[in-house]
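S.K.: Quick one: this structure, given as C-alpha cells, is what I'll be asking you about.
The values are calculated or read from the model by the stated rules, or taken from the named source; none is laboratory data. On a predicted model such as this, the values are computed, not experimentally measured, just so you know. So basically every Cβ, Gly included, is an ideal-geometry build from the backbone, and we count neighbours across all protein chains shown.
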Amino acid sequence: MILYLFISHNAVVVHDYLRISAMMQSLNYDHYLIVYGGNKHIENNYVAHIECQDGYCDLPEKVNKSIKYIDNLNKYDYVFKCDRTGIIIKPFDDNVFSGTDYGGKKIQFGNPDYHKCKCEKTSPWYHKSFNGDKIIYCSGGGYILSKRAMNIVAKDENYRNHIYEDYYVGETLKKHNIFGVDIRIKEYFYDPEHPKLFTWIQ
C-alpha cells in the first residue's frame, strides 16, 4: 500500500488540506497525509502536526520526523513524498515501484548556495553554503521510499547537518547501499511549481 505524503507548512496547511482532500476524494484514494510544523492548530486523520521547526531551512528535520511518524504506523509498503503543490493525476499502479527502495528523478548536487535566497534570516544556513559531495539522488519534487528505506531514514539523526531534504535522504540511503533509480511518474503525478522535473520522462 502506498501513502502519499504532502509536505506543507503552518501558514497554508488549512488551504492545502481543502485542496488535497478534494483531489484525493475525486480519485477515490484514502491513503494520504499532509504534514506541517510550528504551532499546532489543525490535526485530523489526514493532517499531522509534526514537532519541528516549520521554515524552508528546516525541511530535513520535517521530512525525517514525518518519516518517523509514518514508519511507526507500520502499515505502508511505500511512501511517495511530494511538495504541497503536487497534483496526483491517478493513483500509482502497484507495479510502478515493484522491487524499488528509492526512486524518482535522479539529479546530481551542484549549487551549494541555492538555499540562501529562501532561508529565513534567523537560520544558521542564511549565510552558510552547503558543501556536500556531488552525489546523485532523487529530486525532492517527488520520490518513493520503500518500507526498508523509510526505516533507515527514520533511524537517522543527522538531519541538522543538512539544508536540502532530498539530498539528505539520498545521502542517508547511500550510506546503506541504497541508490536512487529513475521511475516513470509523469502519467501519475505532476507539480506545476517544478515543471522541469517531468520533461525527462518518456
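S.K.: So, in region 66-88, of the ones that are of a type in the set (D, E, K, R) and over 11 Å from the mean Cα position of the chain (by Cα), which residue ends up surrounded by the most Cβ atoms within 10 Å (Cβ to Cβ)?
M.R.: D71
S.K.: Could you count how many residues in region 1-18 are under 18 Å from the mean Cα position of the chain (by Cα) and under 20 Å from E193 (Cα atoms)?
M.R.: 11
S.K.: Looking only at residues in region 20-34 that are touching a Phe, Trp or Tyr at 6+ places or on another chain (Cβ under 9 Å) and not hydrophobic (A, V, I, L, M, F, W, C), which one is surrounded by the most Cβ atoms within 10 Å (Cβ to Cβ)?
M.R.: Residue satisfying both the conditions and the ranking: Y32.
S.K.: Just one of G37, G55 is within 16 Å of the chain's Cα centre (by Cα), small (G, A, S) and surrounded by 20 or more Cβ atoms within 10 Å (Cβ to Cβ); which is it?
M.R.: G37
S.K.: Sort out which residues of region 93-102 are buried (at least 21 other Cβ atoms within 10 Å of the Cβ) and either among the aliphatic types (A, V, I, L, M) or at pLDDT below 95 (or both), and write them in order of number.
M.R.: If the condition is that a residue be buried (at least 21 other Cβ atoms within 10 Å of the Cβ) and either among the aliphatic types (A, V, I, L, M) or at pLDDT below 95 (or both), then F97 is the only one that fits.
S.K.: If I ask for residues that are without any contact (Cβ under 8 Å) to a residue 60 or more places away in the chain, exposed (fewer than 12 other Cβ atoms within 10 Å of the Cβ) and closer than 14 Å to K105 by Cβ, which ones from region 159-202 would you list?
M.R.: P195, K196, T199, Q202
S.K.: Just give me the residues in region 152-172 being part of a helix (DSSP H, G or I), of a type in the set (A, V, I, L, M) and under 14 Å from the mean Cα position of the chain (by Cα), in sequence order.
M.R.: Residues satisfying the conditions are V153, A154, V169.
S.K.: Residues that are in contact with an Asp or Glu (Cβ under 8 Å, 6 or more places away or on another chain), in contact (Cβ under 8 Å) with a residue 24 or more places away in the chain and of a type in the set (G, A, S), at least 2 per element: which strands (runs of 3 or more DSSP E) completely within region 79-151 meet that?
M.R.: 102-104, 142-146
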